[in-house]
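Okay, structure first, notes after.
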Amino acid sequence: MRHYESGNFLAKEHITKRGNPYARKILFKCIHNIASASHTNPCHIADFYEKRKRQSQTTSTKPHTIASIHRLIRTMYYLITHNKIYDYNLATSQ
């Protein structure tokens, strides 16, 4: 997602198709797998996805999936840079 602003004007962000197409497809499928597996394995990414889906007025799930991909990438980056293991209880408490 890109951010456009000029002076006091702030444009709405939109989804771009930048980056590796294979990575985008894999991450897109990962989010749907995380959401379907969340019934047995809780995950804050799935919670975020479901919350966004419930709050939405549209039937399209693509924007929610893209936002969840962003959340997943940020979580993975944090876990790798701080050498930590994912803990659902810790992730939901913050």
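The table that follows gives values for the structure above.
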| quantity | calculated |
| --- | --- |
| The range 5-33 residues that are over 17 Å from residue 72 (Cα atoms) and of a type in the set (Asp, Glu), paired with ones that are surrounded by 11 or more Cβ atoms within 10 Å (Cβ to Cβ) and modelled with pLDDT of 80 or more (beta carbon under 9 Å, 6 or more apart) | none |
| Top-ranked residue in the range 15-73 [being among the polar types (S, T, N, Q) and closer than 22 Å to residue 91 by Cα; ranked as nearest to the chain's Cα centre (by Cα)] | 68 |
| Filter result (surrounded by 16 or more Cβ atoms within 10 Å (Cβ to Cβ) and free of Cβ contacts under 8 Å to residues at least 24 places away in the same chain) within the range 54-65 | 61, 64 |
| Residue in the range 31-38 that is modelled with pLDDT under 90, among the β-branched types (Val, Ile, Thr) and surrounded by 10 or more Cβ atoms within 10 Å (Cβ to Cβ) present | no |
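The values are calculated or read from the model by the stated rules, or taken from the named source; none is laboratory data. These numbers were taken from a predicted model, which means no experiment stands behind them. Cβ: placed from backbone, ideal geometry, glycine included. Neighbour counts: every protein chain shown.
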